[in-house]
Amino acid sequence: MLLASCVNMKVFKRVLPTSLLCLGLGLSLPAMAVDISGNTGFEINIYEDEGQFESQDYRSNLSFAAQPEFYWEWHNGDNSLIFTPFFRLDEQDEERTHGDIRELAWTYVNNQWEIHTGIRKVFWGVTEFVHLVDVINQTDNVESADGEEKLGQAMVQLSRATNWGIFDGFILLGFRERTFAGEDGRLRPQLLVDTDQASYESGDEDKHIDFALRWSHSVDIFDVGVSIFEGTDREPILQVGLSNGEVVLTPFYQQVTQIGIDLQATIDNWLWKLELIHKDSDQDTFAASQAGFEYTFYGVAGSTTDIGALLEYGWDERGEDASSLSQNDIYLGTRITLNDANDSTLLMGFSYDVDYYSRSFIVEASKRLNDRWTIALEGLFVDASNSQDPSASLDQDDRIQLTFERFF
Amino acid sequence: MQPVKLSLWIGLMSAILLLSYTAHAKSPEEKGLEIAKESKQRDIGWGDSETTLKMILRNAAGQESIREVRTKTLEVVNDGDKSLNIFDHPRDVKGTAFLSFSNPVGADDQWLYLPALKRVKRIASRNKSGPFMGSEFAYEDLTSFEVEKYTYKFIREEACAGGNCFVVEQYPVDKYSGYTRRVVWIDTTEYRTWKTEFYDRRDSLLKTLTVTDFNQYLDKYWRATEMKMVNHQSKKETDLIWDEYLFNTGLSVADFNQNTLRRAK
């Protein structure tokens, strides 16, 4: 079938890269078999209150999502192709009803070299509550409250593993705008973010080509990474603007140079973690860090249960002027892992903003129901009364989220 | 002449002492160590291997759940082995991969790859005694055998599933081991471990591991094809069933790093 569509494309004289890809695939098609996996699931959100803004007058939301993964490999795995589309349908928020190509990439491996071409996701970093160093992919902000869901990024990545660590070079082709909740969405600022009015410092706008380099290495108990990124900042500056006579926020994406360091020391029961960034732009130059530890009590009271204690501190040189929610914040958490056949885990986190005295509490619990289904429960509770605090807009969005996922 | 006579005497006495020492039966500790060294010696030189492991977890009520893991292992002579495990089943952990550098003494280095977040996490290997994938096998039960990991005591010889067996007690050197001791039954002809009893930190019998059968590869190396772990305290069981092993598949150190962990499929 793939070959047929390739032939068609050639007949219609489609763009050169497609033909080249088809040529590559066509030459080695006999050995290829597709491996299909992925998941579909639905999610129920129950809010304690109606939201504080207009159009948020509901207390429940239903949502459906699917993310299949198609994987081919040939030449004994030296070549592979991955395709991971994603789609979500949301009852209330039309901005959250969206699709994305999380991955569509060809990987070629030769000895210690790796070349990845296409849309991919890449993660950097070590801390648990905030991810400062991780800059390659844009945040799919409507997907989750913790900002851990990412949009696919087009790139060419060259990677080499040596005795002195792993060296990565990235050419990032084109820019993805951050997604924001629509008028009917929850967990959003008071003023709507009008993504149609996004503006850029660079004249190339969202076609600007970004570059990144990273070196990472494991030596004894240490895992260290040093990275540099130059290009369009993934985090927009939200400016006040107008849309059809109404006041809105418009995202402005500046050009930045960000240097990042991540470090973990693994010593017996301790994981010591540090992420440090220095971000330089025409508008601002600042440093920020997230640092802390995780200590785990293994096999508590003769059982197979592990209990971990997490403590992290988030700091931003800009203080209260910081756009980040983690400018002077303390994070406390506990992770309980039963190590049972159902992989039952529970994570509870509490954060306290030392500048604004706001507090938030998260709970994440999950387990496997059977060979195919998993269940996850997530709770988010925010207490922020200082209107200067960016998290004040979430004050009435306390919620419980129940997710059922089927894996195939 | 006196001093010469004295030194002669001392020399003679020492010689007699030394002779009687070596002529004496070895101590149980020495014999236990000798058996461990011999069984390790017989398993040196296999190079690298790949296989698929199926685990059947059974709770006290008899309910079963299945795990499937593909394993690539590289022998590193004079150091610990390197291994890469890729999980295929259950489907919600498909694509999760586990990289382990075993160290003869001290903690192993371990990294876990979480495919949903594309994240590699270094994990604390202090967690030796923790269950592997919810099974009755602890991480330390599945790592490569290194002579330095235990001290030994030979107990007796007796009949066993493999014919005639040495019965040896092994005391873990690592203070983070979940056991005070293991008792192993090793056959006297091929040095294969047919049965292992695990005693917990209170020195009561926790688990028994029994091997049903072995296959021989490259005319030399024995690998278990099926084994059963029974937990006497929780009444849970785990069966391990291996596919045929492939040896000399061309694996090298370059196949065991965070890049290969990330792209493991």
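Restrict the check to segment A:124-143 and report whether at least one residue is surrounded by fewer than 18 Cβ atoms within 10 Å (Cβ to Cβ) and part of a loop (DSSP other than H, G, I, E, B). It would help to see each step written out before you state the result.
The first filter runs over segment A:124-143 and keeps only residues surrounded by fewer than 18 Cβ atoms within 10 Å (Cβ to Cβ), leaving none.
Checked against the condition, which is being surrounded by fewer than 18 Cβ atoms within 10 Å (Cβ to Cβ) and part of a loop (DSSP other than H, G, I, E, B), segment A:124-143 yields no hits at all.
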- Just a yes or no: is a residue in segment A:357-376 surrounded by 20 or more Cβ atoms within 10 Å (Cβ to Cβ) and of a type in the set (Asp, Glu)? no
- Item | Candidate set: segment A:80-109, residues that are of a type in the set (Gly, Ala, Ser) and under 21 Å from B:Val120 (Cβ atoms); chosen: the one nearest to the other protein chains (Cβ to nearest Cβ) | A:Ser80
- State yes or no: is A:Leu104 at pLDDT 95 or above and either touching a helix residue (DSSP H, G or I) at 6+ places or on another chain (Cβ under 8 Å) or part of a strand (DSSP E or B) (or both)? yes
- Task: Among what's in segment A:32-71 and is part of a loop (DSSP other than H, G, I, E, B) and among the small types (Gly, Ala, Ser), pick the residue that is farthest from the chain's Cα centre (by Cα).
- Result: A:Ala33
- Message: Can you tell me how many residues within segment B:208-220 are more than 15 Å from the chain's Cα centre (by Cα) and crowded, with 18+ Cβ neighbours inside 10 Å?
- Response: 1
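Counting just the residues of segment A:92-109 that are crowded, with 19+ Cβ neighbours inside 10 Å and among the polar types (S, T, N, Q), which one comes out nearest to A:Ser80 (Cα to Cα)? Walk me through it before giving the result.
Taking segment A:92-109 first, the residues crowded, with 19+ Cβ neighbours inside 10 Å are A:92-93, A:95-96, A:100, A:102-103, A:105, A:107, A:109.
Applying the additional criterion that residues be among the polar types (S, T, N, Q) yields A:92, A:107.
Numbers: A:Gln92: 39, A:Thr107: 5 Å.
Within segment A:92-109, the match that is nearest to A:Ser80 (Cα to Cα) is A:Thr107.
With the structure loaded, tell me whether A:Ala198 is of a type in the set (A, V, I, L, M, F, W, C), buried (at least 20 other Cβ atoms within 10 Å of the Cβ) and under 30 Å from A:Phe53 (Cα atoms) or whether it fails that test.
Values: of a type in the set (A, V, I, L, M, F, W, C): yes; buried (at least 20 other Cβ atoms within 10 Å of the Cβ): no; under 30 Å from A:Phe53 (Cα atoms): yes.
So A:Ala198 does not fit the description; no.
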- Selection from segment A:180-201 of residues that are polar (S, T, N, Q) and either touching a strand residue (DSSP E or B) at 6+ places or on another chain (Cβ under 7 Å) or not in a loop (DSSP other than H, G, I, E, B) (or both): A:Thr195, A:Gln197, A:Ser199
- Among strands (runs of 3 or more DSSP E) lying entirely in segment A:267-380, which contain 2 or more residues that are over 24 Å from A:Gly125 (Cβ atoms), modelled with pLDDT of 90 or more and within 13 Å of chain B (Cβ to nearest Cβ)? A:359-368
- Message: Give me the residue from segment B:177-207 that is over 15 Å from the mean Cα position of the chain (by Cα) and among the aliphatic types (A, V, I, L, M) and, out of that set, surrounded by the most Cβ atoms within 10 Å (Cβ to Cβ).
- Response: B:Leu206
- Query: Given the conditions (1) surrounded by fewer than 16 Cβ atoms within 10 Å (Cβ to Cβ); (2) farther than 26 Å from A:Thr195 by Cβ, and given that A:Trp72 satisfies all but one, which numbered condition is not satisfied?
  - Reply: (1)
- Query: Considering only residues of segment A:262-294 that are within 15 Å of B:Ala124 (Cα to Cα) and of a type in the set (A, V, I, L, M, F, W, C), which is surrounded by the most Cβ atoms within 10 Å (Cβ to Cβ)?
  - Reply: A:Leu271
- Message: Could you check segment A:381-400 and list, in sequence order, the residues that are in a strand (DSSP E or B), modelled with pLDDT under 95 and either aliphatic (A, V, I, L, M) or farther than 26 Å from A:Gln56 by Cβ (or both)?
- Response: A:Val382
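Just a yes or no: is a residue in segment A:230-252 under 25 Å from B:Trp111 (Cβ atoms), of a type in the set (A, V, I, L, M, F, W, C) and within 19 Å of the chain's Cα centre (by Cα)? Before the answer, list the steps.
Within segment A:230-252, the subset under 25 Å from B:Trp111 (Cβ atoms) is none.
No, there is no match, as no residue in segment A:230-252 is under 25 Å from B:Trp111 (Cβ atoms), of a type in the set (A, V, I, L, M, F, W, C) and within 19 Å of the chain's Cα centre (by Cα).
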- Task: State yes or no: is B:Asp141 modelled with pLDDT under 95 and under 17 Å from A:Val219 (Cα atoms)?
- Result: no
- Message: Which condition from (1) outside any strand (DSSP E or B); (2) without any contact (Cβ under 8 Å) to a residue 40 or more places away in the chain is the one that A:Glu235 breaks?
- Response: (2)
- Task: Out of the residues in segment A:110-121 that are more than 7 Å from every other protein chain (Cβ to nearest Cβ) and touching an Asp or Glu at 6+ places or on another chain (Cβ under 8 Å), state the one that is surrounded by the fewest Cβ atoms within 10 Å (Cβ to Cβ).
- Result: A:Asn110
- Note on the structure: By residue number, the members of segment B:51-67 that are touching a strand residue (DSSP E or B) at 6+ places or on another chain (Cβ under 7 Å) and surrounded by fewer than 19 Cβ atoms within 10 Å (Cβ to Cβ) are B:Thr51, B:Thr52, B:Leu53, B:Lys54, B:Ile56, B:Glu64, B:Ile66
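Hand me the list of strands (runs of 3 or more DSSP E) wholly inside segment B:51-162 holding 2 or more residues that are facing chain A (nearest Cβ under 9 Å). Even if it seems obvious, please write down each step before you answer.
Details: elements: B:64-74, B:82-89, B:97-101, B:109-114, B:119-123, B:150-160.
By residue number, B:64-74, B:109-114, B:119-123.
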- Item | Near pairs, Cβ below 6 angstrom, 6+ apart or cross-chain, from segment B:239-264 (more than 10 Å from every other protein chain (Cβ to nearest Cβ) and within 28 Å of B:Phe214 (Cα to Cα)) to any residue that is among the small types (Gly, Ala, Ser) and not in a loop (DSSP other than H, G, I, E, B) | B:Tyr245/B:Ser49; B:Phe247/B:Ser49
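From B:Ala138, B:Ala116, B:Ala107, which residue is more than 24 Å from B:Arg202 (Cα to Cα) and small (Gly, Ala, Ser)?
Details: B:Ala138 fails: more than 24 Å from B:Arg202 (Cα to Cα); B:Ala107 fails: more than 24 Å from B:Arg202 (Cα to Cα).
Within the list B:Ala138, B:Ala116, B:Ala107, the selection yields B:Ala116.
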- Task: Might you check whether a residue that is over 30 Å from A:Glu317 (Cβ atoms), more than 14 Å from chain B (Cβ to nearest Cβ) and not small (Gly, Ala, Ser) occurs anywhere in segment A:131-151?
- Result: no
- Query: Looking at B:Val147, is it modelled with pLDDT under 95, surrounded by fewer than 21 Cβ atoms within 10 Å (Cβ to Cβ) and more than 23 Å from B:Val69 (Cα to Cα)?
  - Reply: yes
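Condition test on B:Pro104, is it farther than 30 Å from A:Asp340 by Cα and of a type outside the set (A, V, I, L, M, F, W, C)?
On the way: farther than 30 Å from A:Asp340 by Cα: no; of a type outside the set (A, V, I, L, M, F, W, C): yes.
No, not satisfied.
How many of the residues in segment B:200-221 are free of Cβ contacts under 8 Å to residues at least 60 places away in the same chain and either in contact with a helix residue (DSSP H, G or I) (Cβ under 6 Å, 6 or more places away or on another chain) or more than 14 Å from every other protein chain (Cβ to nearest Cβ) (or both)? Break it down stepwise before answering.
Let us first name the residues in segment B:200-221 that are free of Cβ contacts under 8 Å to residues at least 60 places away in the same chain, namely B:200-206, B:208, B:210-216, B:219.
Of the ones still in play, those that are also either in contact with a helix residue (DSSP H, G or I) (Cβ under 6 Å, 6 or more places away or on another chain) or more than 14 Å from every other protein chain (Cβ to nearest Cβ) (or both) are B:205, B:208, B:210-216, B:219.
The qualifying residues number 10.
The values are calculated or read from the model by the stated rules, or taken from the named source; none is laboratory data. The structure presented is a predicted model; accordingly, all values stated were derived computationally and were not measured. Every residue, glycine among them, receives a Cβ derived from its backbone with ideal geometry; neighbour counts consider all protein chains shown.
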